[in-house]
């Protein structure tokens with residue numbers, strides 16, 4: 001996920017992915033919109049995978065397709 005920034009969007013109920021090149025956002029996408037979850041936080045784990053927490057206390061490991 002080099003040069004990617006992931007943002008947990010609590011009110012929008014999605015995970016936002018920003019692709020950054022030369023200090024500019026060149027692409028954005030909203031992920032997991034259909035899951036009906038309120039994402040509170042996203043972090044990269046030591047295994048390189050993404051982990052998200054939700055407002056109801058769940059923690060999930062994400063494996064996103066390329």
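Every read-out reported here was derived from the displayed coordinates using simple, explicitly stated rules and does not represent laboratory data. Small disclaimer: the values here were computed from a predicted structure and weren't measured. Here the Cβ is made from the backbone with ideal geometry for all residues, glycine too, and neighbour counts use every protein chain on show.
Some observations on this one:
- Scanning the stretch 22-60 for residues being in contact with a strand residue (DSSP E or B) (Cβ under 7 Å, 6 or more places away or on another chain), outside any strand (DSSP E or B) and under 14 Å from residue 10 (Cβ atoms) gives a total of 5.
- When the residues of the stretch 5-14 are filtered to those that are buried (at least 17 other Cβ atoms within 10 Å of the Cβ) and in contact (Cβ under 8 Å) with a residue 40 or more places away in the chain, the one that is farthest from residue 37 (Cα to Cα) is 6.
- Residue check, residue 2 in a loop (DSSP other than H, G, I, E, B), exposed (fewer than 13 other Cβ atoms within 10 Å of the Cβ) and out of contact with any helix residue (DSSP H, G or I) (no Cβ under 6 Å at 6 or more places or on another chain): yes
- Against the numbered list (1) within 14 Å of residue 61 (Cβ to Cβ); (2) within 10 Å of the chain's Cα centre (by Cα), residue 30 comes up short only at (1).
- Any hit, the stretch 15-32, residues being surrounded by 13 or more Cβ atoms within 10 Å (Cβ to Cβ) and in contact with a helix residue (DSSP H, G or I) (Cβ under 9 Å, 6 or more places away or on another chain): yes
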